[in-house]
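Here, each number is a calculation from the coordinates, and none is a lab measurement. Model, not experiment: these values are computed from the prediction. Reconstructed Cβ throughout: ideal geometry from the backbone, glycine too, with neighbour counts over all protein chains shown.
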């Protein structure tokens, strides 16, 4: 500590102190008049520029968020539309399958009915042919039993009437 008291830098010199304060005040007033205003203006402009940049960044972030939400909404709508298109396609396919089954069933029923009609027609034709042959055989058998030739037209009518009264349902059931 003794060294600090004896050093010329730590000694108080009143004249030097007054001049130092005087120069300090002069430099302070000069700086205040010419430099501090400009420095403060530069700092204010810089602060304003930074605030504008922050506001612009906030606006850009908000816009990006809005666009992201809109994009998500559009994607959701597109998915919904795709699902509805797929559902409609499935419904169309199912309707076409049902229609094809109905048409196939209708065609099958029509062919089955045609076949039944053909069978009934053939059965009727076969029974008519059997009746005619039975009539001819009966006429021949009767003429051999009687021993004379019968008149085919006159006796054929009698035999046809007799055969018409016979029950051929046993033949139809076995056919």
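Details
- With the cut-off at under 20 Å, measuring from each backbone N in region 18-51 to a point 7 Å along the Cα-to-Cβ line of residue 57 picks out 43-51.
- Shape category assigned to region 77-121 from the gyration tensor of Cα positions, a/c cut at 1.5: prolate
- Mean projected area in nm² (Cα convex hull; one quarter of hull surface) for region 1-78: 11.0 nm²
- Considering region 13-174, its Cα convex hull presents a mean projected area of 24.2 nm².
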